[in-house]
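Structure record follows, encoded as structure tokens.
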Amino acid sequence: MQSNIIAAPAGATYLSDFMTTIPENCIFNKRITGCGATELALRNDVPTIIAMPYVALVKNKTLYRKDNLNILGVYSDISNDAIADYAHQSNTIKIATTYDSLPRVVETLKQANANPYKNTFLLVDEWHTLFNSYEFRYSAISNLLRYASQFERATYMSATPIEREYMLEQLRHLPTTEIVATAKRG
């Protein structure tokens, strides 16, 4: 399977120091946590839905922000009307949702004529939890994978790599993109 390497320049702390977008249609191994990958996806000008495994992660990226980015967090307490209103009022869609709520987000955006499969990038964050949670969250994970497969642009991102032989069958065909630090000279 194809593997792509992105060299992080010496001295770079965050992905936004050398990237403007997240690689598309791949398994993206960012290799380290806290490198700003999710923030890059939220701050760039690409309409994006970020699917996250837990409500706490969604709230962390939406409710508990210290800036005024217009990001909608979707989990069980958020109505379909709120999703549709957000889609109609936003210039660039930025939605953070739980794995469980992704189908509802997609269906509501389709009803609002937003065409998420064509016009929105799907970033599945912490994708390694798909493997870890498949047995006890089967419905949520299988629905996420079914919906994700219909996006023209979708990436599965984590700092926790899984050997290809242990990946879910639905993801094994994807190429891998990996960040590698450039050695410091001195």
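The values are calculated or read from the model by the stated rules, or taken from the named source; none is laboratory data. The structure presented is a predicted model; accordingly, all values stated were derived computationally and were not measured. So basically every Cβ, Gly included, is an ideal-geometry build from the backbone, and we count neighbours across all protein chains shown. Ligands, DNA and RNA are excluded from the accessible area calculation, which covers all protein heavy atoms including side chains. Shrake-Rupley method; radii C 1.70, N 1.55, O 1.52, S 1.80 Å.
Only one of the numbered conditions (1) closer than 21 Å to R164 by Cβ; (2) modelled with pLDDT of 95 or more is not met by T120, and that is (1). For the stretch 63-74, residues that are at pLDDT 95 or above and either part of a loop (DSSP other than H, G, I, E, B) or surrounded by 22 or more Cβ atoms within 10 Å (Cβ to Cβ) (or both) total 3.
Okay, residues lined up against (1) over 18 Å from I49 (Cβ atoms); (2) open to solvent by 10 Å² or more (accessible area, probe 1.4 Å); (3) of a type in the set (S, T, N, Q); (4) in a helix (DSSP H, G or I):
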{"position": "I95", "(1), (2), (3), (4)": "no, no, no, no"}
{"position": "D100", "(1), (2), (3), (4)": "no, yes, no, no"}
{"position": "V105", "(1), (2), (3), (4)": "no, no, no, yes"}
{"position": "V124", "(1), (2), (3), (4)": "no, no, no, no"}
{"position": "N143", "(1), (2), (3), (4)": "no, yes, yes, yes"}
{"position": "R146", "(1), (2), (3), (4)": "no, yes, no, yes"}
{"position": "Q150", "(1), (2), (3), (4)": "no, yes, yes, no"}
{"position": "I162", "(1), (2), (3), (4)": "yes, yes, no, no"}
{"position": "H173", "(1), (2), (3), (4)": "yes, yes, no, no"}
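Every test in (1) in contact (Cβ under 8 Å) with a residue 40 or more places away in the chain; (2) aliphatic (A, V, I, L, M); (3) surrounded by fewer than 22 Cβ atoms within 10 Å (Cβ to Cβ); (4) not in a helix (DSSP H, G or I) is passed by M157 save one, and that test is (3). Exactly one residue out of A114, A56 is out of contact with any Leu (no Cβ under 8 Å at 6 or more places or on another chain), of a type in the set (A, V, I, L, M) and in a loop (DSSP other than H, G, I, E, B), and it is A114.
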